[in-house]
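Below is one structure; the comments refer to it alone.
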Amino acid sequence: MLIVLYKCLLIKLVYRLLKHISMKMNSTHISVNKLYFLQFLSSILLFIIIFVTIIGNVLLITAINTTPKLKISPNYLILSLSITDLCIGVFAMPLMAYYNVVDLDEWTMGPVMCDIKTFIPINLTSTSYIHLLFIAIDRYLSVTRIQYSRNESRSHLIAMIGISWIVPPIITICSILGWRDNQAYLELIAKHICYPAGNNMFVRYCVIVVSLLELFVIPTLYYRVYMVKTII
């Protein structure tokens, strides 16, 4: 559980840091020397965060695959989550870092690359959050349902992993290509702003739902797990 929470907090940290860096670099009150220093310092910090994310997940994946005691059914969800977070560290975080630090938050690569740049982080982070939800559900059912804990079949875990990987790309592609305001999107691209969703209410609702799951459902499930283990 601590490893899962660590990954979640690390992902949140990098995006909040990128947002803060972008705001600082776009400030007109910063001199050129301070701007370069801030860019250098932020690049070092982001490199450390990305490096820790990659190495940490590689070690965890290696440990699960090479340690017989760790090759248990519940850890398949952890393994899949680690693969997701590894992809975030390899693909999503460097893209966000380059966009916010090197390009100083000004997009010049056109609409296609903007779609790609947006698809990867949204898809991978959504996949990671769904994994966190299923891990919490699995832990809860394992301590509250005896039949579930004794079930040797892995079909339910395969279903959870499949949903975690299949649903986010479908939602992301539909939101980026099918349900967005293309006119507003192209106007933003002309202003060197990469925000493919435009005025897309569907994306906003999805963000609200994911945030509610993260803030209320997952902590509630872990609290119930804690209470059951305390009674036992």
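The values are calculated or read from the model by the stated rules, or taken from the named source; none is laboratory data. Fair warning: this is a prediction, and the values are worked out from it, not measured in the lab. Counting neighbours? That spans all protein chains shown, and the Cβs are built from the backbone with ideal geometry, glycine included.
Of the residues making up region 99-111, none is closer than 24 Å to Ala184 by Cα, of a type in the set (Val, Ile, Thr) and free of Cβ contacts under 8 Å to residues at least 12 places away in the same chain.
Does Ile166 fit the bill of being surrounded by 13 or more Cβ atoms within 10 Å (Cβ to Cβ) and either at pLDDT 80 or above or part of a helix (DSSP H, G or I) (or both)? It is false that Ile166 is surrounded by 13 or more Cβ atoms within 10 Å (Cβ to Cβ) and either at pLDDT 80 or above or part of a helix (DSSP H, G or I) (or both). Return a yes/no flag: does region 22-45 have any residue that is within 18 Å of the chain's Cα centre (by Cα) and either part of a helix (DSSP H, G or I) or at pLDDT 60 or above (or both). Taking every residue of region 22-45 in turn, none turns out to be within 18 Å of the chain's Cα centre (by Cα) and either part of a helix (DSSP H, G or I) or at pLDDT 60 or above (or both). In summary, helices (runs of 4 or more DSSP H) completely within region 174-232 and bearing 1 or more residues that are modelled with pLDDT of 75 or more, under 28 Å from Ala136 (Cα atoms) and out of contact with any helix residue (DSSP H, G or I) (no Cβ under 9 Å at 6 or more places or on another chain) occur at 201-212, 218-231.
The rows are residues; the columns are (1) buried (at least 18 other Cβ atoms within 10 Å of the Cβ); (2) among the aromatic types (Phe, Trp, Tyr); (3) assigned to a helix (DSSP H, G or I).
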| site | (1), (2), (3) |
| --- | --- |
| Leu86 | yes, no, yes |
| Val90 | no, no, yes |
| Val101 | yes, no, yes |
| Trp107 | yes, yes, no |
| Tyr140 | yes, yes, yes |
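The residues of region 107-128 that are closer than 14 Å to Ile170 by Cβ and of a type in the set (Gly, Ala, Ser) amount to a single one, Ser126. Of everything in region 46-76, what is surrounded by fewer than 11 Cβ atoms within 10 Å (Cβ to Cβ), of a type in the set (Ser, Thr, Tyr) and not in a helix (DSSP H, G or I)? Give them in sequence order. Hit for region 46-76 is Thr67, nothing else. Evaluated against (1) in contact with a Ser or Thr (Cβ under 8 Å, 6 or more places away or on another chain); (2) under 18 Å from Ser73 (Cβ atoms), Thr172 falls short on exactly one condition, (2). Residue count for region 114-138 under the criterion of being touching a residue at least 60 places away in the same chain (Cβ under 8 Å) and among the aliphatic types (A, V, I, L, M): the result is 5.
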